[in-house]
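Written below as structure tokens is the structure these notes are about.
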Amino acid sequence: MLEYKIVLLGSGGVGKSALTVQYVSEIFVDRYDPTIEDSYRKQIELDGQSFMLEILDTAGTEQFTAMRDMYMRNGHGFILVYSIVSEDTFKELNGVRARILSVKDTEEIPPMILVGNKCDLNDQRTVTKQRGIDLAKEFQNIAFLETSAKLRTNVNETFETLVRQINKGNPLLERRRKRCTLF
């Protein structure tokens, strides 16, 4: 079974914990309790393959940058989260992405997905869906989804999309596929 480390990054209050808990436990946590670091494990079946996901829900504040750098270094894939009702959380993702690339110190862009969370609050929206799409293109065509942890909208799709992206670059899976097709 392949094991992947998935790291959620973004400002405080964007719903990283709510997305994670909804995905792992199918529960919506509606109170905001700032996270320092939470780690969850979930076994999934996807495209005929078993995976163990270690999901790291990181702090949204700047005071934990050393810990965040370690997560970035060890992460296989990244979920960059902003709130559609907060322009500031959207703008901060340029710096988050730049930091991932700096810490990873590689020419290759690691698997990432851009997530605009809280789409259930569409009447309070300050960041249009088109701006999210445009930012994902600017980030070298990474995947983009709008989610609602509250309504469970696109929660599974977010994690599954990222796992599929990680799989594309995984030489172990490629070797297994070749072995299965050789006669």
All positions within the stretch 109-125 that are open to solvent by 40 Å² or more (accessible area, probe 1.4 Å) and touching a residue at least 24 places away in the same chain (Cβ under 8 Å): Ile109, Lys118, Asp120, Leu121, Asn122, Gln124, Arg125
Count of residues meeting criterion [open to solvent by less than 80 Å² (accessible area, probe 1.4 Å) and in contact with a Phe, Trp or Tyr (Cβ under 8 Å, 6 or more places away or on another chain)] in the stretch 132-161: 10
Residues that are outside any strand (DSSP E or B) and either within 15 Å of Leu114 (Cβ to Cβ) or out of contact with any helix residue (DSSP H, G or I) (no Cβ under 7 Å at 6 or more places or on another chain) (or both), drawn from the stretch 68-90: Arg68, Met70, Tyr71, Asn74, Gly75, Ile84, Ser86, Glu87, Asp88, Thr89, Phe90
Scan of the stretch 81-108 for residues that are small (Gly, Ala, Ser), crowded, with 17+ Cβ neighbours inside 10 Å and modelled with pLDDT under 95, ordered by number: none
Top-ranked residue in the stretch 1-38 [being open to solvent by 40 Å² or more (accessible area, probe 1.4 Å) and in a strand (DSSP E or B); ranked as modelled with the lowest pLDDT]: Glu37
Some residue of the stretch 145-153 being in contact with a Lys or Arg (Cβ under 9 Å, 6 or more places away or on another chain), under 30 Å from Gln43 (Cα atoms) and without any contact (Cβ under 8 Å) to a residue 60 or more places away in the chain: yes
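The values are calculated or read from the model by the stated rules, or taken from the named source; none is laboratory data. Computed from a predicted model, the values in this text were never measured in an experiment. Note that each Cβ is placed from the backbone with ideal geometry, even for glycine, and that neighbours are counted across all protein chains shown. The protein model used for the area step is the full one, side chains on, heavy atoms only, and it has no ligands, DNA or RNA in it. Shrake-Rupley method; radii C 1.70, N 1.55, O 1.52, S 1.80 Å.
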